[in-house]
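Colleague: Below are the structure tokens for one structure; questions will follow.
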Amino acid sequence: MTRYFLHLHNDIEAPDEEGHEFPDDRSALECALRCARDVASGAVSEGHLNLNHFIICVTDQGREVGIVRFADAVHVTALTGA
């Protein structure tokens, strides 16, 4: 298994110092998506959400696997007729 690091970039830079082991890139990116949704839900519970925030997923060898943007982690529907 490969160790992946999910570095959070939001109001502060929060590097993942420990990492997590996953069987493949897809599993790591799915975890990054769940993490983005979890962090976003916490922000919403505090009354704000910045859709520009993101998580970068990299391997222990430094290979960038992908970026999960908060804007891509949720589907936002605007109010109409208000």
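Colleague: Springs between alpha-carbon pairs under 10 angstrom, Gaussian network model over the chain: which of Ala36, Ala71, Ala14 fluctuates most?
Modeller: Ranking Ala36, Ala71, Ala14 by mean-square fluctuation puts Ala14 first.
Colleague: Now for a separate question. Measure out, as a whole number of angstrom, how far apart the alpha-carbon centroids of segment 1-35 and segment 38-75 sit.
Modeller: 10
Colleague: Further question: GluC sites (Glu not before Pro), restricted to the chain: which are DSSP loop and have at most 14 other Cβ atoms within 10 Å?
Modeller: On the way: sites: Glu13, Glu17, Glu18, Glu21, Glu30, Glu46, Glu64; in loops: Glu17, Glu18, Glu46.
Counting only loop positions with at most 14 other Cβ atoms within 10 Å, the GluC sites (Glu not before Pro) in the chain are Glu17, Glu18, Glu46.
Colleague: Follow-up question, since we're still on this one. Nearest 20 debye, what's the magnitude of the dipole of the chain about its Cα centre given +1 on Lys and Arg Cβ and -1 on Asp and Glu Cβ?
Modeller: Numbers: 6 positive and 14 negative charges, 69 e Å.
Using only the charged Cβ atoms, the result is roughly 320 debye.
Colleague: Given a cut-off of 18 Å, what percent of all Cα-Cα pairs of the chain lie beyond it?
Modeller: On the way: 1401 of 3321 pairs.
Counting every Cα pair in the chain, those more than 18 Å apart make up 42 percent.
Quick note: the coordinates plus some simple rules give every number you see, no bench work behind them. These figures come from a predicted structure and were not determined experimentally. Because the Cβ atoms are built from the backbone with ideal geometry, glycine has one as well, and the counts that use them run over all protein chains shown.
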